[in-house]
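The values are calculated or read from the model by the stated rules, or taken from the named source; none is laboratory data. No experiment lies behind these values; they were computed from the predicted model shown. In this analysis, Cβ positions are derived from the backbone assuming ideal geometry, glycine residues included, and neighbour counts consider all displayed protein chains.
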Amino acid sequence: MNLNLKNPLCIFDLETTGTNINVDRIIEIAVIKVMSNGEVIRKSDLVNPGVPIPAESSRIHGITDTDVAGKPLFKELAKEYARFFEGADLAGFNVLKFDIPILVEEFLRAGVDFDYSRKKIIDAQRIFHLMEKRTLSAAYRFYLNKELHDSHTAEADTQATMEVLMAQIARYEGQPVIDSMGNTIGEIRNDMEMLSQLSSADMIDLAGRMVRNEKGEEVFNFGKHKGKRVTDVLRNEPSYYDWMMNGDFALDTKRKLTEIKLRELKNK
């Protein structure tokens with residue numbers, strides 16, 4: 001089937017030195033860019049992370065320090081990939097919790113502005129969990145009745161994600177989506193706006209430190225202020241902002257918190 005696209009859709013996957021979005025680095029990136037006319041453009045690179053790749057990570061994806069020796073640093077590729085992503089929406093498997101946060105951190109370290117807030121984000125894992133309540137290999141087996149070979153290589157995982165996303169739309173189109181509380185929150189359609197809403201409607205920052213509650217208000221999603229409105233906390237405990245800005249939080253989280261603070265100051 002063909003995806004119904006208003007904007008190009010960049011389906012991507014990353015392999016990294018680890019899973020800590022604050023400190024770990026990209027070592028492989030692969031992107032399939034699906035154009036509105038159905039044309040498919042592929043782009044991928046091995047990346048020198050600038051730090052040793054832990055052995056436990058190499059055991060998962062098979063990429064070693066030798067493989068990335070002499071490869072470009074991400075900061076050398078950042079502008080090129082920013083241009084490739086420009087004007088396109090984003091999709092992947094578990095991209096909300098992992099791939100996009102790490103990608104944004106790498107762009108920020110490279111001094112390249114990457115405004116994901118203007119992009120629709122479709123997470124095939126989120127749709128999978130909503131509709132079937134499981135890994136990319138399991139999704140590939142479930143939707144396509146095939147085994148995923150070369151799992152944990154970025155190119156294979158990206159290809160598999162594209163096939164899974166198309167199969168999800170074909171299987172569920174027109175079906176309502178019901179959350180864990182029994183509320184109907186939308187339906188599956190071949191429409192990136194709707195799929196983005198199902199994937200990331202409550203998202204504020206990529207690390208999930210702040211989310212939207214049922215009323216659409218920005219609330220903290222961790223620590224002593226979990227569930228409290230961000231604006232209330234910043235007003236009643238101004239030092240909390242400084243604590244977060246100086247703490248071990250993702251750069252994207254700090255940027256979003258600052259945006260909220262500046263917005264409230266402007267509205268006073």
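Just checking, which of GLU193, GLU218 is closer than 28 Å to LEU130 by Cβ and assigned by TED's automatic domain parsing to the domain that holds GLU106?
Exactly one residue qualifies, and that residue is GLU193.
Go through (1) farther than 22 Å from THR161 by Cβ; (2) surrounded by 14 or more Cβ atoms within 10 Å (Cβ to Cβ); (3) touching a strand residue (DSSP E or B) at 6+ places or on another chain (Cβ under 8 Å) for SER57 and report which single condition fails.
Going through (1) farther than 22 Å from THR161 by Cβ; (2) surrounded by 14 or more Cβ atoms within 10 Å (Cβ to Cβ); (3) touching a strand residue (DSSP E or B) at 6+ places or on another chain (Cβ under 8 Å) one by one, SER57 breaks only (1).
Mind checking whether some residue in the range 66-73 is closer than 30 Å to VAL211 by Cβ and assigned by TED's automatic domain parsing to the domain that holds ILE27?
No - not one qualifying residue is present in the range 66-73.
Just to verify a result, which residue in the range 143-159, among those that are part of a helix (DSSP H, G or I) and aliphatic (A, V, I, L, M), is farthest from THR16 (Cα to Cα)? So that I can check it myself, show each step before the final result.
Just the residues of the range 143-159 that are part of a helix (DSSP H, G or I), to begin with: 143-144, 154-159.
Checking the rest, the ones that are also aliphatic (A, V, I, L, M) come to 144, 154, 156.
On the way: LEU144: 27, ALA154: 10, ALA156: 15 Å.
Checked the range 143-159; the qualifying residue farthest from THR16 (Cα to Cα) is LEU144.
State yes or no: is GLU217 over 30 Å from VAL47 (Cβ atoms) and of a type outside the set (A, V, I, L, M)?
For GLU217, the condition - over 30 Å from VAL47 (Cβ atoms) and of a type outside the set (A, V, I, L, M) - is met.
So which residues in the range 93-119 are in a helix (DSSP H, G or I) and among the basic types (Lys, Arg)?
Matches in the range 93-119: LYS97, ARG109, ARG118.
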